[in-house]
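Below: one structure, written as structure tokens.
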Amino acid sequence: MKKLILMLMLFAPLSIFAQKFAHINSQEIMQQMPEFIKARGDVEAQAKTYENDLKSMQDELQRKSDEYDKGKSTMNVTAQKQKEQELQTLYQKIQQAYQDNQTALQKLQQDKMQPITAKLVNAIKVVGDKGGYVYIMDTAAGIPYISPTLSKDVTAEVKAELAKQN
């Protein structure tokens, strides 16, 4: 029994070295995916629309504020308070629109990216299964060091798998 345990302990390190490790750069892969490029364009276009809407609201606020400043001296106290309240309401409306736009953009980005990320993860799993890898690490995730002799870069294989899926 002791000999069996000794043999197992002796050969255990060899099985560790037989394990295969790989790494990818997911950012490099994603930036070349047509779906990602389209999704990024869609999000940027929506952001530009929101930006233009906010700019027009800010311009309107500025115009009304300038009108108020010019006519303030001729207004009675009640009219001044009413105009100030209108300006304050418009300012709050702009702030709310900004927050709503940010939330909508985050949701849009998440909705657009979820299927793209799922497709990438699926391709990584296929490459991992085919190659018999124990781990495929993502260098874009901030891993400070990956040994090029102990870990294979399978970025090209994942790109090829994604091309097959299209």
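The values are calculated or read from the model by the stated rules, or taken from the named source; none is laboratory data. All of these numbers come straight from a predicted model, not from anything done at the bench. Using ideal geometry, Cβ is built from the backbone for each residue, glycine included, and neighbour counts are taken over all protein chains shown. The accessibility values were calculated without ligands, DNA or RNA, using every heavy atom of the protein model including side chains. Shrake-Rupley method; radii C 1.70, N 1.55, O 1.52, S 1.80 Å.
Below are the figures for this structure:
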{"quantity": "Criterion: surrounded by 12 or more Cβ atoms within 10 Å (Cβ to Cβ), aliphatic (A, V, I, L, M) and under 27 Å from the mean Cα position of the chain (by Cα) - qualifying residue of Met30, Met57, Met75", "calculated": "Met30"}
{"quantity": "Close pairs from the range 63-90: first in contact (Cβ under 8 Å) with a residue 12 or more places away in the chain and among the hydroxyl-bearing types (Ser, Thr, Tyr), partner in a helix (DSSP H, G or I) and surrounded by 13 or more Cβ atoms within 10 Å (Cβ to Cβ), Cβ under 7 Å, at least 6 apart", "calculated": "Ser65/Leu87; Tyr68/Lys83; Tyr68/Leu87"}
{"quantity": "Identity of the residue in the range 78-91, closer than 21 Å to Gln102 by Cβ and in contact with a Leu (Cβ under 9 Å, 6 or more places away or on another chain), that ends up most open to solvent (accessible area, probe 1.4 Å)", "calculated": "Tyr91"}
{"quantity": "Pair list, Cβ under 8 Å, 6 or more apart: the range 32-54 residue among the basic types (Lys, Arg), other residue in a helix (DSSP H, G or I)", "calculated": "none"}
{"quantity": "Lone qualifier among Tyr98, Tyr135 - being open to solvent by 90 Å² or more (accessible area, probe 1.4 Å), more than 15 Å from the chain's Cα centre (by Cα) and modelled with pLDDT of 95 or more", "calculated": "Tyr98"}
{"quantity": "Matching residues, the range 101-132, being within 24 Å of Ile146 (Cα to Cα) and either among the small types (Gly, Ala, Ser) or open to solvent by less than 70 Å² (accessible area, probe 1.4 Å) (or both)", "calculated": "Thr117, Leu120, Val121, Ala123, Ile124, Val126, Val127, Gly128, Gly131, Gly132"}
{"quantity": "Search result, residues across the range 138-166 that are open to solvent by 70 Å² or more (accessible area, probe 1.4 Å), in a loop (DSSP other than H, G, I, E, B) and either free of Cβ contacts under 8 Å to residues at least 24 places away in the same chain or under 21 Å from Glu35 (Cα atoms) (or both)", "calculated": "Pro144, Tyr145, Pro148, Thr149, Asn166"}
